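First the structure, in the form of structure tokens, and then the observations on it.
The values are calculated or read from the model by the stated rules, or taken from the named source; none is laboratory data. Remember, it's a predicted structure, so these values are computed and weren't measured experimentally. Using ideal geometry, Cβ is built from the backbone for each residue, glycine included, and neighbour counts are taken over all protein chains shown. What goes into the accessible areas is simple: the full protein's heavy atoms, side chains included, and nothing from ligands, DNA or RNA. Shrake-Rupley method; radii C 1.70, N 1.55, O 1.52, S 1.80 Å.
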Amino acid sequence: MAWKANPELVKKLRENDVFGAIYDEELVPEYSLPDPLLCLDGTKVTDVKGWIEKRRPEILELFRTYMYGRPPLEKLDCFRYEIFDIEKNALGGIATRKQIKIFFTKKEIPYFNLLIYIPNNFESPVPIFTLLHFYGNHTITEEKAIPINLEWDRENACQYMPEENTRGSHSKTIPVRNIISRGYGVATAYYGDILPDIKNCYQYGVFGAFDHLFGEKRPLDAWGAISAWAFGLSRIMDYFETDQDIDSKKVVVVGHSRLGKTALWAGAQDERFAIVISNNSGCGGAALSRRRFGETLKIINEVFPHWFCENFKKYKEKEEDLPFDQHMLISLIAPRPVYIASADQDLWADPKGEFLSTKNAEPVYKLFNLEGLPCDEMPDLNSPVMGTIGYHIREGKHGLTEYDWNFYINFSDKHFRKK
């Protein structure tokens with residue numbers, strides 16, 4: 001049986017809504033999706049060569065110009081890193097812990113700390129999951145060697161020092177021991193060190209380091225925060241290519257919520273990421289914009305004006321004028337595996353729109369003679385489907401859970417450990 005939203009939840013959300021959002025399927029406007037295989041000049045892509053050489057670069061350019069924006073530099077030639085901690089008996093001996101400062105320029109700031117755990121009982125190099133996190137690295141485990149650094153208060157747009165008792169407070173979000181036990185490494189960093197998630201973020205982080213290259217005025221297609229965080233993920237990938245304990249050909253990039261949007265954009269641009277996973281990414285991530293269900297372009301651009309480029313604001317309440325939709329973002333990941341996940345109670349992120357976007361990326365995977373998503377309609381709760389494209393909707397709220405992780409690891413096993 002295909003999933004349908006709980007009518008009581010729909011009623012409750014409708015009654016308490018302050019944004020004028022749609023939660024009823026019957027109120028979704030009629031729409032038609034752009035064809036990911038139809039080029040701007042009207043020609044149709046019919047083979048892999050046409051996709052790789054013409055249509056894929058075309059779609060990437062559309063997303064850079066009208067949605068996520070672009071950084072002011074084509075190539076980063078001043079990237080550097082400093083390993084400041086290696087502990088071969090971490091977590092009671094099951095893992096090797098590494099901590100690395102990653103610098104964006106030749107100066108001491110900005111930088112961010114990358115925390116890595118490598119399983120000790122598996123042969124190196126190992127595949128690895130990497131993701132940005134909403135809180136400092138010290139919240140992932142209780143190990144005292146992980147420094148507690150300043151974090152950003154998003155509501156008040158200021159920095160604060162977390163308390164000592166926050167160590168390990170978000171260990172359920174990234175279940176390190178479970179991941180390690182399955183033979184995967186895990187690497188994470190605090191996204192606020194790359195760029196703070198505040199409206200007036202332009203003087204900080206990578207914006208503060210590089211935006212002067214634009215000149216006196218930021219162009220309309222200058223990078224937004226999601227593009228900046230994706231830029232940070234690619235710098236993590238740069239480091240992986242130097243570490244002999246990590247199989248840089250088997251890196252899985254994961255993200256939840258706004259960082260799920262980030263993982264998709266990072267994976268779309270940077271083909272070094274072998275698998276891309278989006279968890280509850282919603283509007284601006286996996287969900288179709290044209291459905292206008294839950295969070296819309298108007299809402300997201302007004303509440304989070306720093307996430308996207310200025311050009312994107314032109315499409316508030318004009319979703320049908322977009323030259324793309326989010327199924328085309330997912331299609332950019334082909335032929336690499338991609339997994340999209342939704343949550344039953346997270347109607348704000350439009351689970352059905354996430355599924356439809358995932359399914360409508362399938363024609364590009366078919367070009368490569370790949371399976372795509374092996375279902376024709378949205379699956380029932382807690383019933384994952386996995387081809388080269390994977391999808392599930394689980395019971396529960398907006399969040400990254402151990403249930404999600406178990407299937408992300410299963411999906412990675414399917415593609416990395418084929419017999």
- For the stretch 42-121, shape from the Cα gyration tensor axes a ≥ b ≥ c, cut at a/c of 1.5 then a/b versus b/c, turns out oblate
- the stretch 1-76 versus the stretch 203-262: alpha-carbon centroid distance in Å: 21 Å
- Going from the alpha-carbon gyration tensor of the stretch 201-242, what semi-axes, largest first and in whole Å, does one get by taking the root of 5 times each eigenvalue? 23, 10, 9
- Summing -39500 (n - 2.57) over the DSSP H runs of n ≥ 4 in the chain and dividing by its residue number, what mean residue ellipticity at 222 nm do you reach, to the nearest 500 deg cm²/dmol? -7500 deg cm²/dmol
- With every protein chain present, what accessible area does residue 283 have (1.4 Å probe, heavy atoms only), rounded to the nearest 10 Å²? 10 Å²
- Message: Cross-link candidates for residue 318: which aspartates and glutamates have Cα within less than 19 Å, leaving aside residues fewer than 8 places away along the same chain?
- Response: 30, 35, 221, 295, 302, 310, 350
- Message: Could you tell me the extents of the chain's C-alpha atoms along the three principal axes, largest first, rounded to whole Å?
- Response: 56, 55, 50
- Message: Please list, in order, the residues from the stretch 398-417 whose amide nitrogen is less than 19 Å from a point placed 7 Å along the Cα→Cβ vector of residue 123.
- Response: 413-417
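Give the residue list of chymotrypsin sites (Phe, Trp or Tyr not before Pro) in the stretch 98-145 that are DSSP loop and have at most 15 other beta-carbon atoms within 10 angstrom. It would help to have the intermediate numbers written out before the result.
Working: sites: 103, 104, 111, 112, 117, 122, 129, 134, 135; in loops: 104, 122, 134, 135.
When the chymotrypsin sites (Phe, Trp or Tyr not before Pro) of the stretch 98-145 are filtered for loop state and at most 15 Cβ neighbours within 10 Å, 122 remain.
For the chain, with every protein chain kept in place, what is the accessible area per residue (1.4 Å probe, Å²)? Don't skip to the answer; put the middle values down first.
Working: 17680 Å² over 419 residues.
The answer is 42 Å² per residue.
Ignoring ligands, DNA and RNA, please state the percent of accessible area on the stretch 65-138 from carbon and sulfur, probe 1.4 Å. Present the calculation step by step, with values, prior to reporting the outcome.
Details: 1640 of 3380 Å².
That share works out to 48 percent.
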- Task: Name all residues of the stretch 20-38 having a backbone nitrogen under 16 Å from the label point set 7 Å from the Cα of residue 316 along its Cα→Cβ direction, giving them as ranges.
- Result: 20-21
- Message: I'd like the accessible area for residue 227, computed on protein heavy atoms only with a 1.4 Å probe and all protein chains in place. Round to 10 Å², please.
- Response: 0 Å²
- Residues whose placed amide H lies under 5 Å from that of residue 339, excluding near-sequence neighbours: 276, 277, 278, 390
- Just tell me the longest site-free run in the chain, where the sites are GluC sites (Glu not before Pro) in a DSSP loop having at most 15 other beta-carbon atoms within 10 Å. 318-370
- Rg/Rh for the stretch 61-174: what does it come to with C-alpha atoms and Rh from Kirkwood? 1.02
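Starting from the alpha-carbon convex hull of the stretch 278-419, give the projected area averaged over all orientations, in nm². Numbers along the way, then the final one.
Details: hull surface 35.3 nm².
Value for the stretch 278-419: 8.8 nm².
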- Message: Let me check I have the definition right: for the stretch 90-233, take the eigenvalues of the Cα gyration tensor, multiply each by 5, take square roots. What are those semi-axes in whole Å, largest first?
- Response: 30, 17, 12
- Using DSSP to define loop residues, name the chymotrypsin sites (Phe, Trp or Tyr not before Pro) in the stretch 155-255 whose beta-carbon has at most 16 other beta-carbon atoms within 10 Å. 202
- Task: Project the alpha carbons of the stretch 104-170 onto their principal axes and report the range along each, largest first, in whole Å.
- Result: 46, 34, 20
- Could you tell me the largest-minus-smallest coordinate of the C-alpha atoms of the stretch 171-294 on each of the three principal axes, in descending order and whole angstroms? 50, 39, 27
